[in-house]
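Asks: Pasting a structure below so you can have a look.
The values are calculated or read from the model by the stated rules, or taken from the named source; none is laboratory data. Note that the coordinates shown come from a computational prediction; the quantities given were computed from them, not determined experimentally. All accessible areas refer to the heavy atoms of the entire protein, side chains included, with ligands and DNA or RNA removed. Shrake-Rupley method; radii C 1.70, N 1.55, O 1.52, S 1.80 Å.
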Amino acid sequence: MKLFTIPNFLTLLNLSCGVLSAIFMISSNAQITSNTVTIVMVLMLISLVADFLDGMVARLMKIGSPIGKELDSLADCISFGVVPGLMLFSIFNHFSTDFIYENENLKISALSLFAFLVPAFSALRLAKFNLDEDQTTYFKGLATPSNTLFIFSLFSIYYNKGQIINPEIDPYVLIAVSIVFSILLIIDLPLFALKFKGLGWAENYYKYIFLLLAIGLVIWLQVAAIPLIILLYIIISIIFRKEITK
């Protein structure tokens, strides 16, 4: 069994960027700046690209393997499970002065414990994905990279603008996000995958509609568009549920 292949290298690149993201956020603690957000964003984008390419390269080279599949889930658990959990953890700590643990390097509030739902449910989602043979052309539940993009957008908006919606209701918004999106990770809801067997309109029209609307939102709102794009993705998947599961 070959361990050192190009797809596995890409998967390990994904994992390494996730670990670096976690290090930057943990070492920054309560001193997260716009520079930290930028670094985490770059590392997250590299992880996303590597995660997209590893499976595609394995299929093109016809060297897919069980170890590659398991390694991919382990890497995703770090990059798209632990890292978004740390993003939420960081924001939660800003809304509380009632710390259950505190020293010069680390503060943990009771409120921030909601953030750990995300890594836990991400691990459940990835384990479920590995055992479900139906998820080849579509996903059941929200994919961990999509969940990470949603949470990163909140992380970026908060640290660049000082709030997400309104300082008085933001903690409740974050609690709702932690619970709702954790459930979305494991729910048996068919969500389309952006995999094109062909470029024809008839078999891909709902994907093209999504991409056009998503591009328009990014041009209009930039990073702030990401939550709307993820919600749009879920809504379109629900509307075209029958087409997705054909």
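Asks: What are the ³J(HN,Hα) couplings of the range 234-246, residue after residue, when phi is run through the Karplus curve with 6.51, -1.76, 1.60 and θ = phi - 60°? Round to Hz, x for glycine and proline.
Replies: Calculated HN-Hα couplings, in order: 5, 5, 5, 4, 5, 4, 9, 4, 5, 5, 5, 8, 5 Hz.
Asks: To the nearest 10 Å², what's residue 107's accessible area with a 1.4 Å probe?
Replies: Using a 1.4 Å probe on the heavy atoms, I get roughly 70 Å².
Asks: Oh, and also: Starting from the Cα-Cα distance between residue 201 and residue 41, subtract it from 0.36 nm times their residue separation and give me the gain in nm to one decimal. Intermediate values should be presented prior to the final figure.
Replies: Numbers: separation 160, 0.36 × 160 = 57.60 nm, distance 3.29 nm.
Difference between extended and current length: 54.3 nm.
Asks: Aspartates and glutamates near residue 69 by alpha-carbon distance under 13 Å, same-chain residues fewer than 8 away left out - which ones?
Replies: Residue 69 reaches 51, 54, 132, 133.
Asks: How many percent of the accessible area of the range 90-246 is carbon or sulfur, using a 1.4 Å probe?
Replies: The C+S portion of the solvent-accessible surface of the range 90-246 is 67 percent.
Asks: Once you've got the Cα coordinates, tell me which of 62/195; 128/161; 107/128 are over 29 Å apart.
Replies: 128/161; 107/128
Asks: Now, a different point. So, for the range 141-246, what is the accessible surface per residue at a probe of 1.4 Å, expressed in square angstrom?
Replies: 52 Å²
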